[in-house]
Amino acid sequence: MKLFPILMVLLIAICVLAVASILLPDPVGARGTDHPEFANMMHGGAGEAKHAGRLLLNWVFGVLMLLVVVVLIAIGARKGKGLRGLRSPLGLTALASIVAWTCLVISYKEYMTTDSHALFLALPAPSAVMLYGLLPVTALLTVFYVVGFRRWILSEDDLAEYERLLAGKEPAERTPEPSIAEEKR
Amino acid sequence: MEAYRHPIILGSVIAYMVLCIAVGLWAMRRTKSTRDFFMAGRDIGIFVTGIAIFSSAMSGFGFVGGPGLVFSLGMSSVWMIMAGVTGYAIVHFLMGKRLRLFAGLFDSVSLPDAVAVRYKSEAARFLTALAILLGVMGYLATQILAMAMVLQSILQRTAAFADIGLVACVAISSSVLIFYCVTGGIVASVYTDMVQGGIMVVAGVLIFVTAISVVDGGAAGAANLIMADDPEAMGPWGTLGMMGCISWFFMFSIGYAGQPHLLTKIMMIRRIRDYRFIPVVTLAGYMLTALLWISIGLVMRALVVEGVHPGLSAADAAAPEFLQLYAHPLLAGVVFAALFAAIMSTADGFLNIGAAALVHDIPVAIRSRSLQNELFWARVGTIALAIVAALFALYSYYENQRLVALLGAFGWGTFGAALVPAVAIGFNWKRATSAAACVAIASSLVVNFAIEVFDISIPGGLHGGTLSLLVSMVLFLGISFASKPPDLDPDVEAIMDL
C-alpha cells in the first residue's frame, strides 16, 4: 500500500483547505469574545453565526485529519510493504472515527440552532459524542497496539532477527562514545 | 484542620523536595557513565518508563494552565486531552519499537545520535540538537519561573517567609532541581518522574471527586449553569470555535511524536518486548490526571457564573483558588506537591536532553568525536543550562516578559514541526533523505520563529504551530520524493525492515 503518497495527498488537501479557511472572511467573534460580565473568561457567542458557513469545510478538514492519523499509525505498523493483518482493524477504526466525527458535527448543527439542551452523562449531546464516542474510538488504537503487539508490532521472528543484528555488530562500529575506562582516566 | 492548611501545604512541598534529593543521592550510585547519565543505562522497566512518558508531558500546564484554559474557553481545551490519547498512540506505533531498536543497535545516547545514524549526516544531528536546545531553553525557563511563583505563593502565606522574593524562590527550587539532575542524571529524573506521576494520578482522581461535589447537582449541575450563561462554552468547540479546536487537535496529536523528552525515554527501556505494556500505563495515567484539568476548570467557571465565587484575577488562578477554598487541606497539600511534581518532572527531562545536546551532540557534530570525560562535562552542562535558564526566566520576568513566552512558544510547535518529519516519519521511511530532514528542521525553526517574532495571527482560527507542522511535513515528503533514494547503512536498513 502506497502510504507515503497517500500521506502527501492528504497533507496537500489539508493545506488547500487551510488556505481556503484563511481566505474566507472571518465571522465576527470566530474565536470567541471577552465575556461581558466576567474578567478572564471568554464568551462563545452565537454558534450559528460563527460556524454556519464553515461547517462543511471544517467537517472535511476533520475527516482529512483523522485519515492522516490512521495513515501515520499504518506507517508505524508496516512491515515491508504489508500491514501484517492490521489493515482491517485500522480500516474499521478510520471508518468508526469518521462516523463519530460526522455524528459530532451533525449533533452540533442541531445544538447551535436550539435553545434547550438535554444532557447525557452530564454533557450536551455533541460534547457527549466527542467524549463518549470519538475519544474511545481513538483509544482503540492503543488497544490494538497492546493486544496485537506480538502479531503486528514485534513478532518473535523480528526479535530473533534483531538479536542476530546485535550479535553481528562490532563494538567499534557503534556511535563514538568514551568508554567508562576512558572517563575514569 | 483548616487552621493548619498553609503549614500542611508547605510541609507537603518540603517533604516532596526532600524526596527528590534522596532519589538524586540514590541515583548517583547508578550513574557511572555518559550512557547512564543520558540513557539510564537503558535499564528502565515498564512502569517507570510508562509513567515517566506521561508525567513529563503533563507538566505544570496540566495543573495550572489546563484548568485555566477550561475556565476561560470552556470545552475547547478538552481537544488537547483528546489529542493526548491519539498522540500517544501515534508515538507508540511510529516510534516505540523503531527508536528502541536504533538505540540498542547503535548505542545512541541521545535522539540526535540516532538521527545522525539514520541519515548518515552530522548536519542533521547538529540541526536536531539546535532545535532541541532552543526549545529546551524556553520550556525550562517557563518551568523554573512557574516553580518559583508557586513556591513564593506558598511561602508568603507563612509568617516566617512573608516577604520572600521571587529571586530567592528561583534559587531554592532550581537548587533542588539541579541537585538531583546533576547527581543522578536521567536515572534520578525517571525515578522522580515515577513518584511525581503517582502523586499526579492520586491528585487527579481526588480532585475530580471533590470538584463534582462542590456544585449543586454535580457535574450535570455545573454543565447546566455554564450552558445557561453561554451554550457554546459547553458545546464541543467551547468558545474557541470549530477550526481552532481541529487545529489544536492536529498540532498536539501529531506533535506528540516530535517531543524529544518523550522520545528519549522510549530509548531507555530495558527490554524491547516490555514496550507492549507501556501504552497502557501511559494512557491510564494521562487520563486519570486529566480529570483534574477538566473538573477544576468547569466547576470554577460554573461557580463564577453562578455568583458563588468572585471573578478570577487571571484564568490560571482557577486551580490555586479552588484548592485554597474548596479542597480539604490534606488534599490541597497533595495537589500542591503534585503541582511541583508536574513542573519538575518536565523540567528535569528537558534539562537532561538539553545537556546532552550541549555537551554531546553539538560537539560530536562539529568535531566528529565526543568530549573527553563526557560524564563530568554532562554534569557541568546540566548546571550551566539550569543557571542560564533561571537567569533568563528572571530577566524575562522583570525586564521583558515576552522573551520567555517567545521561546516557550518555540517548544511544542517547533519540536513537532522539526522532529515529526525528520524522526517520526524518517525513521519509518527508507526513502527519506538527510537534505529533506535538514530542510524540515530548518523550516520549523524559521516558520515558528517568524510567527512569534512578528506576532502573526493567522485568519480562520488556524494555529501557527499547525501551519508550521503542515509546511515541514509537506517539504520533507516533497523533497524526499523528488530526490534520489539514499544509500542506507545495511544495519539501518535491516532495522527499518523489522
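Where a number appears in this text, it was derived from the coordinates with a stated rule and is not lab data. This is a predicted model, so every value here is computed, not measured. Note: ideal-geometry Cβ built from the backbone for every residue, glycine included; neighbour counts use all protein chains shown.
For the reader, a short list of remarks on this structure follows.
- Taking the number of Cβ atoms within 10 Å of each Cβ as an exposure proxy, the fewest-first ranking of B:Arg35, A:Arg150, B:Arg270 is A:Arg150, B:Arg270, B:Arg35.
- Test item: B:188-198 mean partner chain Cβ contacts at 10 Å: 0
- The loop-placed trypsin sites (Lys or Arg not before Pro) in the stretch A:40-146, going by DSSP, that have at most 11 neighbouring Cβ atoms within 10 Å of their Cβ come out as A:Lys81.
- Alpha carbon centroid spacing (whole Å) that separates the stretch B:372-398 from the stretch B:85-133: 24 Å
- Alpha-carbon centroids, the stretch B:285-299 and the stretch B:418-435: separation in whole Å: 34 Å
- Shape summary of the stretch B:2-391, radius of gyration then Dmax from alpha carbon positions: 21.0, 66 Å.
- Theoretical FRET efficiency, 1/(1+(r/R0)^6), r = Cβ-Cβ of A:Val60 and B:Lys120, R0 35 Å, to 0.05: 0.30
- Percent RCO, i.e. relative contact order, over the stretch B:2-391, from Cα pairs under 8 Å lying at least 6 residues apart: 41 percent
- Between A:Glu110 and B:Leu325, the simple label model (points 7 Å from Cα in the Cβ direction) yields a spacing of 3.7 nm.
- Shape annotation for the stretch B:371-498: C-alpha extents along the principal axes are 53, 52, 21 Å, from largest to smallest.
- Note on the stretch A:41-175: Cα-only Rg and Dmax are 21.7, 72 Å.
- Relative contact order of chain A, taken over Cα pairs closer than 8 Å and 6 or more residues apart, is 17 percent.
- Calculated FRET value between A:Arg87 and B:Val380, using beta carbons and R₀ = 45 Å, to 0.05: 0.30
- Test item: Cα-centred dipole of the protein assembly as shown, Lys/Arg +1 and Asp/Glu -1 on Cβ, debye: 1980 debye
- Counting only Cα atoms, the protein assembly as shown measures 70, 62, 46 Å along its principal axes, largest extent leading.
- Residues of the stretch B:450-479 with amide N under 14 Å of the 7 Å Cα→Cβ point at A:Asp26: B:455-464
- Selection of chymotrypsin sites (Phe, Trp or Tyr not before Pro), the stretch B:438-498, meeting DSSP coil and at most 16 other Cβ within 10 Å: B:Phe454
- The fewest-to-most ranking of B:Ile441, B:Ile272, B:Ile266, B:Ile53 by surrounding Cβ atoms within 10 Å reads B:Ile272, B:Ile266, B:Ile441, B:Ile53.
- Cβ-derived FRET efficiency at R0 45 Å, B:Phe481 paired with B:Ile387, nearest 0.05: 0.50
- Calculated mean residue ellipticity, 222 nm, the protein assembly as shown: -23000 deg cm²/dmol, from DSSP H runs (n ≥ 4) at -39500 (n - 2.57) each, averaged per residue and rounded to 500.
- For the peptide A:30-36, the mean number of other protein chain Cβ atoms found within 10 angstrom of a residue's Cβ is 6.
- Gap separating the Cα centres of the stretch B:137-207 and the stretch A:99-136, nearest whole Å: 39 Å
- Contour minus Cα-Cα distance for B:Val446 and B:Thr158 (0.36 nm per residue): 99.0 nm
- Amide N of the stretch B:342-358 lying under 12 Å from the label point, which is placed 7 angstrom from the Cα of B:Ser175 along Cα→Cβ: none
- Cβ neighbours within 10 Å from other chains - mean over A:131-143: 5
- Full extension of the chain segment joining B:Val18 with B:Arg271 gains 87.9 nm, where the gain is 0.36 nm per residue of separation less the Cα-Cα distance.
- Checked against a 26 Å cut-off, the cross-linked pairs A:Lys169/B:Lys484; B:Lys32/B:Lys430; A:Lys2/B:Lys484; A:Lys2/B:Lys265 give Cα-Cα distances beyond that limit for A:Lys169/B:Lys484; B:Lys32/B:Lys430; A:Lys2/B:Lys265.
- With a cut-off of 19 Å on the backbone N, the residues of the stretch B:43-85 near the modelled label site 7 Å out from B:Arg29 along Cα-Cβ are B:43-45.
- Charge dipole (the protein assembly as shown, unit charges on Cβ, about Cα centre) - positive-most of B:Met147, A:Leu141, B:Leu69: A:Leu141
- By average C-beta atoms within 10 angstrom, highest first, the peptides B:95-108, A:13-26, B:64-77, B:217-230: B:64-77, B:95-108, B:217-230, A:13-26
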